[in-house]
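Notes follow once the structure below has been shown.
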Amino acid sequence: MTDISEPIEDSPPRPLGRRLLPILLPVLALAGGFGVTYTGLLSPLSLLAPAAPPPQAAPVAVFLDVPRIILTIPGERTQTLALAVVVEIDPAAAETARLLMPRIADSFNGFLSQVDPVAFSRRGILEIIREELATRTRFILGEAAVRDLLITEFRIQ
């Protein structure tokens, strides 16, 4: 039997570094993670969420007003067509479009004066006129210059 009064042989004491290692490693890992997150190098939420595409700049366009067209429609009743159009132009071709505006207006007047008066009362005439005016504008300015044609007023009185 062992005697309580006998001294127990102590094992040599462990160095301080080995005793603090289980505590220091998690503390250093947390401090490193906080530092990386705080500086913005890594975001924990970016690891969970799918990568979003970078935002693209909004396309720039120039809107050019075509002079308002007022045209008398031939027929039994005297009717007047009032048409206002805006052309969406590429910014590089804006100055050319301003210079060629009389030619565009002439093309529009030429087409509208040739439309049969009965056609104005039919369904879908606005889309037909819009497409024809856009085609004529693209013919004058070029395919790449014209983005769209908007009819802002179409009135038959």
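The values are calculated or read from the model by the stated rules, or taken from the named source; none is laboratory data. Remember, it's a predicted structure, so these values are computed and weren't measured experimentally. Please note: Cβ atoms are built from the backbone with ideal geometry, for glycine as well, and neighbour counts cover all protein chains shown.
Got a number for residues in the range 29-83 being of a type in the set (A, V, I, L, M), surrounded by 10 or more Cβ atoms within 10 Å (Cβ to Cβ) and over 27 Å from the mean Cα position of the chain (by Cα)?
In the first step, residues of the range 29-83 are kept if they are of a type in the set (A, V, I, L, M); the result is 29-31, 36, 41-42, 45, 47-49, 51-52, 57-58, 60-62, 64, 66, 69-71, 73, 81-83.
Narrowing the set further to residues that are surrounded by 10 or more Cβ atoms within 10 Å (Cβ to Cβ) leaves 29-31, 36, 42, 61-62, 64, 66, 69-71, 73, 81-83.
Pick out the ones that are also over 27 Å from the mean Cα position of the chain (by Cα) and you get 29-31, 36, 42, 69-71, 73, 81-83.
The qualifying residues number 12.
Among residues of the range 73-93 that are over 20 Å from GLU132 (Cα atoms), those with a Cβ under 9 angstrom from a residue that is among the aromatic types (Phe, Trp, Tyr) and modelled with pLDDT under 90, sequence gap 6+ or separate chain, pair up as GLN79/PHE120.
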